[in-house]
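The values are calculated or read from the model by the stated rules, or taken from the named source; none is laboratory data. What you see is a predicted model, and the numbers here were worked out from it, not measured in a lab. Note that each Cβ is placed from the backbone with ideal geometry, even for glycine, and that neighbours are counted across all protein chains shown.
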C-alpha cells in the first residue's frame, strides 16, 4: 500500500505543477521501461493501442479485465507512475466505481474516464452521454478513490470534440460541470479542432 500511494502521490504532484509534463505513451512493460530510461516522469497506457496490440481489435474492444491485467504487468516493471485509459468506466456508475477500485488495486496511479456512450466509438460515430449521467459516474469514481487511495488521479475526458456539430461552448460547459459537480482532479477536453479552442 505505501508504494502504491507513493506512485499516486507522485502522479498527483505532476498534474498539480504549473508547468507541463509529458506522459510517454505505450502498451507494454518494455515501452514503459524505455520511457523511464529516457527520463519520463510517468507512463500512459492507451486503451486503443492496448486493444490493437494485445488482441488485434480496434479501439473499444478491450475489457476492463484486459486493461487491468496489462497495466499490472507494466506497474511491476517501472518505478514511475502509470496512468491508464479507463474508457467509459466500462458501463454505468456502478461499473465505473468497480473499475476505479480494480485500477487502484492493480497499482495504477490514475486514469481518465470518457463521457462517451458505452461501448465507446472512434471518429464521427462518437456519441456522448448527458452531463448529469457523466457527473454521476465521476462521483462514483471519486467515491472509490476516496475509499482506497485519495491520491489516485481521476481525469474526466470530454470527448464531445469528436462529435459532429458539437460546439466549443458545450465542451467547456461539460468540463466545468465535471470539475465543479464531481470534483475530479483533472479535466481534458479531447478532440479540440483548432488552436483557438
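Condition first: on the phi > 0 side of the Ramachandran plot, part of a loop (DSSP other than H, G, I, E, B) and crowded, with 16+ Cβ neighbours inside 10 Å. Can you find one or more residues in region 117-131 that meet it?
no
Using the structure shown, decide if residue 74 is touching a strand residue (DSSP E or B) at 6+ places or on another chain (Cβ under 6 Å), in a loop (DSSP other than H, G, I, E, B), crowded, with 16+ Cβ neighbours inside 10 Å and modelled with pLDDT of 95 or more.
no
Across region 132-161, what is the total count of residues that are surrounded by 17 or more Cβ atoms within 10 Å (Cβ to Cβ), assigned to a loop (DSSP other than H, G, I, E, B) and out of contact with any strand residue (DSSP E or B) (no Cβ under 7 Å at 6 or more places or on another chain)?
2
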